[in-house]
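Asker: What follows is a single structure, and I will ask about it in a moment.
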Amino acid sequence: MTPAQLQTLKTDILADPALSSQPNTPDGNDAIARAYNANASPDFTVWKTNVTINEVGKKFNGTELAGLTTGNQTRLQTLAQYLAGGVNPSLPDNRAFFDDVFSGAGGTNTRANLLALWKRLATRAEKLFATGTGSNASPATMTWEGAISYQDVTAARNL
């Protein structure tokens, strides 16, 4: 974590009496880390930052895929070749690409399937560093992703 993120974490810990009352020990800081690694409550929805091409392909509606123009089929094949490591749906242009390929009435099911695939619930830590509303209708974008360790908590508390 960056120094700025550690400061944000420290400020957040201090604002929560249940967390700030934990001793600044490995066990106390592990308890705080576990609290931050649990899902945010209430739910906080974020855009995923990586979805495999295989996962994406499984969400295509067969009838809608068969109805694509040759041009759109070629676009999908090209994308699969260049993004073999996965699609980043947190980028608006990546989501727009699939909406465009499956535009119109012939893509309604696939667009809905992909929209659901692009989102997930954030942990308390991810919510702390995310930007946006975090609603299902308007997911937030993560600026930090992952799990917080007790070492991160220790570093933050010792600033």
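Asker: Just grab the label-to-label distance for Ala137 and Thr2, each label 7 Å out from Cα along the Cβ direction, in nm (one decimal).
Answerer: In this crude label model, Ala137 to Thr2 measures out at 3.2 nm.
Asker: Which pairs, out of Lys59/Lys119; Lys59/Lys127; Lys10/Lys127; Lys58/Lys127, put more than 20 Å between their alpha-carbon atoms?
Answerer: Lys59/Lys127; Lys58/Lys127
Asker: Now for a different question. Of [x] 8.9; [y] 10.5; [z] 9.5, which is the value of mean projected area of the Cα convex hull in nm² derived from the coordinates here?
Answerer: Answer by label: [y].
Asker: Test of understanding: ordering Tyr82, Tyr36, Tyr150 by Cβ neighbours within 10 Å, fewest first, what list do you get?
Answerer: On the way: Tyr82 8, Tyr36 22, Tyr150 17.
Ranking Tyr82, Tyr36, Tyr150 by Cβ neighbours within 10 Å, fewest first, gives Tyr82, Tyr150, Tyr36.
Asker: What's the local net charge at Thr52, with K and R +1, D and E -1, over the other residues with C-beta under 15 Å away? Don't jump to the answer; show the numbers that get you there.
Answerer: Details: positive: Lys48, Lys58, Lys59, Arg120; negative: Glu55.
Its environment carries a net charge of +3.
Asker: Tell me the net charge near Gly146. Cut-off is 11 Å between Cβ atoms, Gly146 excluded, with +1 for each Lys or Arg and -1 for each Asp or Glu. Could you put the intermediate results ahead of the total?
Answerer: Details: positive: none; negative: Glu126, Glu145, Asp152.
Summing Lys and Arg as +1 and Asp and Glu as -1 gives -3.
Asker: Run the numbers on the range 49-117 and let me know its relative contact order in percent, using alpha-carbon pairs under 8 Å that are six or more apart. Spell out each step's value before the answer.
Answerer: Working: 54 pairs, mean separation 35.7, N = 69.
For the range 49-117, the relative contact order is 52 percent.
Asker: Based on other C-beta atoms within 10 Å, arrange Ser90, Ser21 from fewest to most.
Answerer: So the residues, fewest neighbours to most, are Ser21, Ser90.
Asker: Enter the angle in degrees (range 0 to 90, nearest 10) between the Cα long axis of helix 92-101 and the first principal axis of the Cα atoms of the chain, meaning the one along which they spread out most.
Answerer: Computed tilt is about 20 degrees.
Asker: With r defined as the distance between the Cβ atoms of Ala15 and Asn50 and R0 fixed at 30 Å, what FRET efficiency is calculated, to the nearest 0.05? Kindly include the intermediate steps, with their values, before the conclusion.
Answerer: Values: r = 31 Å, r/R0 = 1.04.
The pair Ala15/Asn50 has a calculated efficiency of 0.45.
Asker: If the chain between Asp27 and Thr78 were fully stretched, how many nm would it gain, using 0.36 nm times the residue separation less the Cα-Cα distance? If you can, show how the numbers build up before the last one.
Answerer: Working: separation 51, 0.36 × 51 = 18.36 nm, distance 5.01 nm.
Extra length from Asp27 to Thr78 when fully extended: 13.3 nm.
Each value in this text was obtained by applying a stated rule to the coordinates, not by laboratory testing. Note that the coordinates shown come from a computational prediction; the quantities given were computed from them, not determined experimentally. Here the Cβ is made from the backbone with ideal geometry for all residues, glycine too, and neighbour counts use every protein chain on show.
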